[in-house]
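First the structure, in the form of structure tokens, and then the observations on it.
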Amino acid sequence: MNYLYPIETALLSLFDRIDDGEVIIEDAADTIEALEIEYETAVGGAATRIKELLADAEAIKAEIETLMARKAAKIEQAERYRLLILASLRRLDKAKVETPRNCVTIRRNPPKVVIENEAVFIDWAKHLAPDLLTRSETYKPNRDAIRDAIEHGEAVPDVHIEQGESLRIK
């Protein structure tokens with residue numbers, strides 16, 4: 001992998017011997033020229049390998065992008081199938097279907113807070129129920145506090161609790 005090191009070592013050793021007076025520069029000129037040509041060839045080969053590796057990296061990046069797009073498409077396709085089955089089970093009023101390979105059930109999701117008009121709610125909560133807001137740079141509804149308030153009988157405008165369903169496949 002490191003073809004430069006032996007050539008570099010040979011050149012440096014020869015230069016040291018010239019500096020020490022062991023070798024006359026004129027006598028070593030042909031050796032120096034040959035080593036420098038070999039060194040330049042090795043550097044050129046290493047530079048070419050760098051370009052090849054970077055091209056491989058770009059090809060891998062492009063393949064990753066292609067695979068990510070395929071992955072997203074497969075996830076979307078699976079979600080469409082999930083919604084199709086869920087709708088079918090609801091129409092037939094079935095909660096569970098078992099096959100030798102799968103068990104498909106409709107499960108109730110935890111209730112979630114649905115804010116119909118966030119701006120109206122924030123304006124209302126700023127004045128009448130600031131504890132239902134979370135303050136950062138801007139006001140945001142605190143959905144946990146809102147859920148607790150509604151569950152305790154408080155009237156909160158433009159908000160309701162929704163119980164969704166999802167399909168579970170084992």
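The values are calculated or read from the model by the stated rules, or taken from the named source; none is laboratory data. Because the structure is a prediction, the values reported are computed rather than measured. Cβ atoms come from the backbone with ideal geometry, glycine included; neighbour counts cover every protein chain shown. Each accessible area value is taken on the protein alone, full model and side chains, heavy atoms only, with ligands, DNA and RNA left out. Shrake-Rupley method; radii C 1.70, N 1.55, O 1.52, S 1.80 Å.
Cys103 passes every criterion in (1) open to solvent by 50 Å² or more (accessible area, probe 1.4 Å); (2) more than 30 Å from Glu8 (Cα to Cα); (3) more than 24 Å from the chain's Cα centre (by Cα) apart from (1).
Can you tell me which residues in region 111-123 are in a helix (DSSP H, G or I), open to solvent by 30 Å² or more (accessible area, probe 1.4 Å) and either touching a residue at least 12 places away in the same chain (Cβ under 8 Å) or charged (D, E, K, R) (or both)? Spell out the reasoning first.
As a first pass, look at region 111-123 and keep what is in a helix (DSSP H, G or I): 118-123.
Keeping just the survivors that are open to solvent by 30 Å² or more (accessible area, probe 1.4 Å) gives 118-120, 123.
Within region 111-123, Glu118, Val120, Asp123 qualify.
Of all residues in region 57-104, those satisfying the criterion of being over 20 Å from Ser166 (Cα atoms) and either touching a Leu at 6+ places or on another chain (Cβ under 6 Å) or among the acidic types (Asp, Glu) (or both) are Glu58, Glu63, Glu65.
Looking across region 138-150, just one residue is exposed (fewer than 12 other Cβ atoms within 10 Å of the Cβ) and at pLDDT below 90, and that is Thr138.
Test Lys126 against the stated conditions and say whether it is open to solvent by 100 Å² or more (accessible area, probe 1.4 Å), at negative phi and either touching a Phe, Trp or Tyr at 6+ places or on another chain (Cβ under 9 Å) or modelled with pLDDT of 90 or more (or both). In short, no. Please find, within region 49-84, the residue that is farthest from Lys96 (Cα to Cα) out of those that are among the hydrophobic types (A, V, I, L, M, F, W, C) and open to solvent by less than 80 Å² (accessible area, probe 1.4 Å). Only one residue fits best here, namely Ala55.
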